[in-house]
Amino acid sequence: MVPLQWYIWLATAVFAIGVLGFLTRRNIIIMFMSIELMLNAVNISLVSFSHYLQDMRGQILSLFVITVAAAEAAIGLAIIIALFRNKATAHVDEMAETKG
Amino acid sequence: MLPELFFGYFAAAIIIFSLIVVTRRNPVHSVLFMLILFFHIAALYLFLDAEFLAAIQVIVYAGAILVLFLFVVLLLNLKEETLIRRYINQWPMGVVFAVGLFILMFISVRSFLAGPKGEISSVLTGQSNVTNLGTVLYTEYLFPFEIASLVLLVAIIGAIVLAKKRLKS
């Protein structure tokens, strides 16, 4: 029997890798993929809790996370296309339009 | 012994592929490695007795979201992407933050104690995963389910409004 903590550690590692990709990459598409990676890490931890605590609610929550991820991907990619039409770049450090 | 080996292979593959995804120079390669990553995560869900979520993972993530990413990557035509630097200038700060976050969460999970057990699962009710999931989703979580459909509707309308060309008036 694999302990529950192994799954949580795996989810932690994937989440940290997603944070790393989001904070260090220039390409905005890779940044969005890092967000998907973080949502997947949360899903792994939710499903493992659902299995080890013998409760279905974790899987329901993870279903909602997948819904939100799909909506977020559609909106985010539409924003990327609109940005690319105006600036013709996919690099975040060339998009400093809203500088305070 | 065998479950640990199975988990070890899939955990190692998931971590290695996610590192590859965030470090590739070409976004198309990142998307394709992410496809392999999502299949490994689906296998992990099967291992955790969540068959429906494994199917949803393959259909929605690998089938819909990644194809959307691939479309956008090909639409933007990033030829110069493969020639210039990948990371922003402040990347050491990002590495420090991510590693610190990982260490913090790793230490805090070590002292984790599981809560009380729930009452609905395949082991307890003797029914299949999908039956249990549908029972809970359409009774206890009916209202959040409706809100999820509203979220998807807003996403569809928002994507159309954002991506369409401005008409000259």
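Only helices (runs of 4 or more DSSP H) whose full extent lies in the stretch B:61-146 are considered here, and none of them has at least 3 residues that are in contact with a strand residue (DSSP E or B) (Cβ under 8 Å, 6 or more places away or on another chain), surrounded by 12 or more Cβ atoms within 10 Å (Cβ to Cβ) and facing another protein chain (nearest Cβ under 9 Å).
Checking B:SER18, B:SER30 one by one, the residue that is under 18 Å from A:ILE66 (Cβ atoms) and open to solvent by less than 40 Å² (accessible area, probe 1.4 Å) is B:SER18 and no other. Taking residues in the stretch B:6-28 that are touching a residue at least 40 places away in the same chain (Cβ under 8 Å) and more than 18 Å from A:ILE8 (Cβ to Cβ), and partners anywhere that are crowded, with 16+ Cβ neighbours inside 10 Å and among the polar types (S, T, N, Q), the pairs with Cβ atoms closer than 7 Å and at least 6 places apart or on different chains are B:PRO27/A:ASN27. Restricting to the stretch B:70-103, and then to whatever is at pLDDT 90 or above and among the aromatic types (Phe, Trp, Tyr), can you tell me which residue is nearest to B:ALA163 (Cα to Cα)? Of everything passing the filter in the stretch B:70-103, B:PHE97 is nearest to B:ALA163 (Cα to Cα). Assessment of the stretch B:34-46 against the conditions (more than 8 Å from every other protein chain (Cβ to nearest Cβ) and small (Gly, Ala, Ser)) yields at least one matching residue. Remark: pairs (first residue in the stretch A:40-64, among the acidic types (Asp, Glu); second residue open to solvent by less than 30 Å² (accessible area, probe 1.4 Å); Cβ separation under 6 Å; 6+ apart in sequence or on different chains) = A:ASP55/B:GLY118.
Among the residues of the stretch A:1-44, those identified as more than 7 Å from every other protein chain (Cβ to nearest Cβ) and among the small types (Gly, Ala, Ser) are A:ALA11, A:GLY18, A:ALA41. Just so you know, in the stretch A:48-87 the residues that are more than 18 Å from the chain's Cα centre (by Cα) and more than 9 Å from chain B (Cβ to nearest Cβ) include one that is modelled with the highest pLDDT, and it is A:LEU83.
The values are calculated or read from the model by the stated rules, or taken from the named source; none is laboratory data. Values in this document were obtained by computation on a predicted structure and should not be read as measured data. As a convention, Cβ positions derive from the backbone with ideal geometry for all residues, glycine included, and neighbour counts pool all protein chains shown. Surface areas here come from the heavy atoms of the whole protein model, side chains and all, with no ligands, DNA or RNA. Shrake-Rupley method; radii C 1.70, N 1.55, O 1.52, S 1.80 Å.
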